[in-house]
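For reference, the structure discussed in these notes is given below.
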Amino acid sequence: MITVTEAKEIIQKQVFNEKIVKTAVFEAVNKVLAEDVYAMVDIPAFNQSSMDGYAFAFNEGIRNQPLKVVEEVPAGKQEHLRIEDGTAARIFTGAALPQDTDTVVMQELATLNGVELTVLDKNLVKGQNVRVRGAEIAEGELALRKGSYLSPATIGFLSAIGIVEVTTFASPVVSIIITGDELQMPGEKLLHGQVYEASSSMLRAALFQMGVRDVIIYYAKDTLADTTMVLDKALASSDLVLLTGGVSVGDYDFVVKAAELCGIEQLFHRLKQRPGKPLFFGRKGDKPVFGLPGNPSSVLTCFYEYVWTVLRRLAGQEDKLRCLKAPLSNSYTKTNQLTHFLKGIYKSGKVDILAGQESFRLRSFAEANCLVVLGEMKSYERDELVEIHLIPLYG
Ligand SMILES: Nc1nc2c(c(=O)[nH]1)N[C@H]1C(S)=C(S)[C@@H](COP(=O)(O)OP(=O)(O)OC[C@H]3O[C@@H](n4cnc5c(N)ncnc54)[C@H](O)[C@@H]3O)O[C@H]1N2
Ligand code: MOO
């Protein structure tokens, strides 16, 4: 059995080939840029007024010499205007300044008598209320680097500089293989010895939340032949495979043997942790394969602690769950030296370890917002600082 740290190092060392795709900017939220993006034009593309007011060529005596208003420029006017020195143009926010004008006075700080404009703004300086051509970005300038996360703001920025399509890391196709002959579909009548199948919807939800939408769900019978056949199929149809259950030492646990028969290289099996002790990790060529221990709470803990990072890396993001230190609001005694991942609530700077930590339960997980990581120590006192991993509840 290896430690949690060793397991994470093994995962970190793996190199996987990311796939890239062209994506419409409006559909690229949550994705990551796979190449640098450069501006194709100056933005703004012309000297632009930032106020409703009057545009003119500034000089220091402007407040003492009324200007004749000779033009009107609403936003979007496409004509290239030029006005004589000593005249002004009525202008609106977003409109292009006439050639050789450089300053705009807000209409509240000027008076108009017929066509005669008097500038009142005592603090007006040259260039005021003008967004200069290329001020946001110049043609050919780097707009966003490869590896940038595409947030709503980034998508707005790309649109504002005229980009319609970007190259992003492709979201991986993920197969989930559910094993266990005792499983019954929710909504069906539960017969003696059956349990409702919870992991497929839970994992699919976790994947959807992180933007992975191509998810294929398979069910395998508790036989070596069926598990091998389904695993082969899943490997052929996806970039990453998750199996649930069948990874322990029972006579009906076939995942490890099936993985071997499918040509999957085993990188580890069994960790010094709870829950999720029998976790399996391997790869076939470029494809990571996780055998998640069947108890639903082990499934989700292992997903967040190990699978999440790999999925992020496949999508071009080098990040981990948010990790902090917080004082315990209750004491906790461990009965072994395994690393424990405990469902907790982090609130007002403290963390509370919830009751009901056994891995068959999901109820405490449903309430939790973090996993509390307890290392080798046997008992933890109230107020002792512990590491917590925040569950990404909002994607
Ligand atoms: N002799 C030993 N027995 C077990 C050990 C061990 O070290 N020695 N480890 C235990 C631990 S810890 C875990 S975790 C489990 C993991 O075993 P499997 O991966 O083989 O999981 P299963 O036996 O298939 O299932 C465990 C449990 O979870 C329920 N389950 C499975 N899948 C689902 C699902 N999709 N939805 C809801 N519930 C599910 C299943 O009915 C079992 O109750 O092994 C221990 N045993
Ligand atoms: O390692 Mo298991 O997940 O505790 O029940």
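The values are calculated or read from the model by the stated rules, or taken from the named source; none is laboratory data. Keep in mind that this is a model prediction, so the values were computed, not measured. Neighbour counts run over all protein chains shown; Cβ positions are idealised from the backbone, glycine included. Surface areas here come from the heavy atoms of the whole protein model, side chains and all, with no ligands, DNA or RNA. Shrake-Rupley method; radii C 1.70, N 1.55, O 1.52, S 1.80 Å.
Numerical summary
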{"quantity": "Verdict on G282 being small (G, A, S) and within 21 Å of V212 (Cβ to Cβ)", "calculated": "yes"}
{"quantity": "Count of residues meeting criterion [over 21 Å from the mean Cα position of the chain (by Cα) and of a type in the set (K, R)] in segment 130-169", "calculated": "2"}
{"quantity": "Residue in segment 273-295 that is among the β-branched types (V, I, T) and over 19 Å from V174 (Cα atoms) present", "calculated": "no"}
{"quantity": "Qualifying positions in segment 282-292 - open to solvent by less than 20 Å² (accessible area, probe 1.4 Å) and away from ligand 2 (no atom under 16 Å from the Cβ)", "calculated": "G282, P288, V289"}
{"quantity": "Residue list for segment 196-221, restricted to those being open to solvent by 70 Å² or more (accessible area, probe 1.4 Å) and in a strand (DSSP E or B)", "calculated": "Y196, Y219"}
{"quantity": "Cβ-Cβ under 7 Å pairs, at least 6 apart or on other chains, segment 350-368 side on the phi > 0 side of the Ramachandran plot and open to solvent by less than 30 Å² (accessible area, probe 1.4 Å), far side of a type outside the set (A, V, I, L, M) and within 16 Å of ligand 2 (Cβ to nearest atom)", "calculated": "G356/R363; G356/S364"}
{"quantity": "Total residues in segment 222-262, condition assigned to a loop (DSSP other than H, G, I, E, B), at pLDDT 95 or above and of a type in the set (A, V, I, L, M)", "calculated": "1"}
{"quantity": "Filtered residues of segment 197-227 (kept if more than 16 Å from ligand 1 (Cβ to nearest atom) and without any contact (Cβ under 8 Å) to a residue 60 or more places away in the chain)", "calculated": "F208, R213, D214, A225"}
{"quantity": "Positions within segment 243-271 being touching a Ser or Thr at 6+ places or on another chain (Cβ under 8 Å) and either closer than 13 Å to S298 by Cα or not assigned by TED's automatic domain parsing to the domain that holds S175 (or both), in sequence order", "calculated": "L243, T244, G245, G246, L271"}
{"quantity": "Selection status of V386, without any contact (Cβ under 8 Å) to a residue 60 or more places away in the chain and of a type outside the set (S, T, N, Q)", "calculated": "no"}
{"quantity": "Among the residues listed as E60, E71, the single one being of a type in the set (D, E, K, R) and open to solvent by 70 Å² or more (accessible area, probe 1.4 Å)", "calculated": "E60"}
{"quantity": "Leading residue by the ranking (surrounded by the most Cβ atoms within 10 Å (Cβ to Cβ)) among those in segment 321-349 that are assigned to a loop (DSSP other than H, G, I, E, B) and in contact with a Leu (Cβ under 9 Å, 6 or more places away or on another chain)", "calculated": "L338"}
{"quantity": "Subset of segment 293-316 [open to solvent by less than 10 Å² (accessible area, probe 1.4 Å), more than 13 Å from ligand 1 (Cβ to nearest atom) and either among the hydroxyl-bearing types (S, T, Y) or in a loop (DSSP other than H, G, I, E, B) (or both)]", "calculated": "Y306"}
{"quantity": "Residue tally, condition within 16 Å of ligand 2 (Cβ to nearest atom), among the small types (G, A, S), open to solvent by 50 Å² or more (accessible area, probe 1.4 Å) and without any contact (Cβ under 8 Å) to a residue 40 or more places away in the chain, over segment 232-281", "calculated": "0"}
{"quantity": "Residue count for segment 88-145, restricted to those that are touching a Pro at 6+ places or on another chain (Cβ under 7 Å) and open to solvent by 20 Å² or more (accessible area, probe 1.4 Å)", "calculated": "7"}
{"quantity": "Residue check for G76: loosely packed, with under 13 Cβ neighbours inside 10 Å and of a type in the set (G, A, S)", "calculated": "yes"}
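Let's see how each residue does on (1) over 30 Å from D226 (Cβ atoms); (2) free of Cβ contacts under 8 Å to residues at least 60 places away in the same chain:
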{"residue": "E136", "(1), (2)": "yes, no"}
{"residue": "R145", "(1), (2)": "yes, no"}
{"residue": "Y149", "(1), (2)": "yes, no"}
{"residue": "L158", "(1), (2)": "yes, no"}
{"residue": "I163", "(1), (2)": "yes, no"}
{"residue": "P172", "(1), (2)": "no, no"}
{"residue": "L183", "(1), (2)": "no, yes"}
